[in-house]
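Read-outs: derived from the displayed coordinates by stated rules, not from any lab. The structure presented is a predicted model; accordingly, all values stated were derived computationally and were not measured. Don't worry about glycine lacking a Cβ; one is built from the backbone with ideal geometry, like all the others, and counts go over all protein chains shown.
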Amino acid sequence: MTSSPPPEPQAQRSLLRKRLLPLIRIPILVYIGLLSLMLLFENRLVYRPTPSGENSGHTPEDKIRDLFFHSPDGTRLHAWYFESKTPKAHVLYLHGNAGNLRGRKRDLMYLRKRQQISILALDYRGYGKSQGSPHEKGLLEDARTARKILAQEAGIKEQDVILYGRSLGGGIAVQLASRDGARGLILQSTFSSLPDVSAHLYPWFPVRMLMRNRFDSLSVIDRYPGPLLQSHGTEDEVIPYRFGKRLHQKARSPKWWVDFPGTGHNEPTPKLFDAPIEKFLNFLSTNGS
């Protein structure tokens, strides 16, 4: 009995391709599927708002006023006004991408008392009691409208408002300051651009090319001519320290940098930031910026 001859090299390659093709096709299809889902649900990945009920979460003793107003496209927005009797400055506070104002109440009350300032803290569209759904253009318009409302409440010019942005709020604050100016700009744990952060969190996907939400702070920060105070946690696992440093290096002077040693992204603001903020406010007052 004779055995059949071994297959020709070309036949071997053809057989190998037939066997490997399904193995290669499956991960490719899975990758494309995951990428498609990321693009489809990008806003849900970037913005993680928590709506709130009718209870404002504060008492008359807190001395917080609820303000309701509308963005230019008609979206009804909600903000808290932490008013000081004799404020050294007026600050628009722009929070991060998750939760709502209720999670920032204690920090904002402390900031008002410690620095003797008035603060308007905004819940973007889709957050807290604000209506609508979040997206980049909408959030920028919401913040611009909130600054206008704060200026009206305080009886000052919009350019006399200090912008304070944390995390995602820093991206919003940089855009406003670079386009319209500001008395001062305070940035905490913020980024060079949103695609930079997404590429860090999802390194296997081409998010830099495909993301719709950009908040490209690095490309516009040098258009802002005013004073800047910036801080960042050295152990920030969400927005790496190097992104904040990159943004700071591009910014114009006068500018100051504060490290939060050993601090991650979602930890409370360290008390060591109190003194730099006080010095910054004194600088603004002395120099009449």
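Residue order for Tyr110, Tyr47, fewest other beta carbons within 10 angstrom first, comes to Tyr110, Tyr47. In a DSSP loop and with at most 15 other Cβ atoms within 10 Å, the chymotrypsin sites (Phe, Trp or Tyr not before Pro) in the range 148-257 are Trp204. Legend: ranking of residues Met209, Met109 from fewest to most surrounding C-beta atoms inside 10 Å; resulting order Met209, Met109.
For Asp142, the shell of other residues with beta-carbons less than 14 Å away shows a net charge of +3, using +1 for Lys and Arg and -1 for Asp and Glu.
In terms of distances greater than 28 angstrom between alpha carbons, the cross-link table entries Lys113/Lys137; Lys157/Lys245; Lys157/Lys255; Lys88/Lys148 yield Lys113/Lys137; Lys157/Lys245. Taking max minus min of the alpha-carbon positions on each principal axis, the range 57-213 gives extents of 51, 29, 28 Å, largest first.
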